[in-house]
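No lab work stands behind these numbers, since they all come straight from the coordinates. Keep in mind that what you see is a predicted model, and the values were worked out from it rather than measured. Note: ideal-geometry Cβ built from the backbone for every residue, glycine included; neighbour counts use all protein chains shown.
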Amino acid sequence: MNSKQQVYAFIDSQNVNVSTQKFGWKVDWRKFRRFLKDKYGVDQAFMFIGYVPEFQDMYEFLHDAGYSVVLKPTFDMSKPREQVAQPQPGEKTEHEEKKPVKGNVDAELVLWAMKELKNYDKAIIISGDGDFFCLVEYLEQQGKLLKVMPPNVHYSSLFRPYERYIDHLGNYRRDLAYRDKKSFKKNR
C-alpha cells in the first residue's frame with residue numbers, strides 16, 4: 001500500500017461491542033488501534049460512542065490509545081417521560097423493558113465521514129450496520145472505500161454488492177481479543 005495515502009477509520013463502537021460480545025469476546029482497543037495502523041496504514045481512527053458521564057475514564061483511555069473520540073449525547077431510557085401513563089403495581093413499563101441508555105451514533109459517523117472526505121484518500125467503515133449502506137455506496141463511487149469491517153459474520157445483507165471490501169473483524173479475534181491478565185494468571 002502507498003504509505004503517502006491518508007487512511008481514516010470510522011468506528012461504530014456500539015455495533016462492535018455488542019456484536020463481538022455476542023460471540024463471546026471483547027476487543028482490546030489498544031491492540032485494535034495498532035492493528036489498524038499496521039495492517040491498513042490508518043492515520044486517523046474516529047471512535048463514535050454515546051456519552052455517559054460515569055465513563056469519562058474510558059473516553060480518556062480511548063483517546064490515549066490513539067482514537068479521535070466523538071461523543072454523542074445519550075438518552076436515559078430508564079426515566080419515564082411525563083406523558084407516559086403510570087403502570088399499575090407490579091406491571092413493567094415500556095422503559096424498563098428497553099435498554100437503559102440510547103446513544104445511536106449512525107448520523108454522527110456519516111456526518112464525520114463526509115466532513116473529513118477531503119482529508120483522506122481511503123476510508124474503512126467498522127460496522128455491520130446496514131444504516132451505513134448509503135455511505136459505503138458513496139465512498140465506493142468516489143474511489144475512497146478501502147474496507148468495510150463488520151464485527152462478525154452476521155452483518156447487513158445490504159453490503160452484499162461490496163463483498164470484495166468486507167474484512168470480518170472476527171477473523172482477527174485471536175490477535176485483537178481483550179485478555180484479563182488476572183483471570184489469565186489464574187488459569188495457568
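Laid out as a table, the results:
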{"read-out": "Listed residue pairs exceeding 27 Å between alpha carbons, taken from 72/147; 22/122; 39/72; 26/144; 22/115; 26/115", "value": "22/122; 39/72; 26/144; 22/115; 26/115"}
{"read-out": "Cα→Cβ-extended label distance, 7 Å offset, between residue 21 and residue 173, nm", "value": "1.7 nm"}
{"read-out": "Paramagnetic label zone (point 7 Å from Cα along Cα-to-C-beta, residue 104; backbone N under 18 Å) in region 115-135", "value": "127-135"}
{"read-out": "Using a Förster distance of 41 Å, the FRET efficiency for residue 131-residue 4 (Cβ separation, nearest 0.05)", "value": "0.80"}
{"read-out": "Shape call, region 14-77: gyration tensor on alpha carbons, a/c limit 1.5", "value": "oblate"}
{"read-out": "Virtual spin-label span in nm between residue 63 and residue 164, 7 Å along Cα→Cβ", "value": "4.1 nm"}
{"read-out": "Burial order of peptide ranges 43-50, 149-156 (average beta-carbon count within 10 Å, highest first)", "value": "43-50, 149-156"}
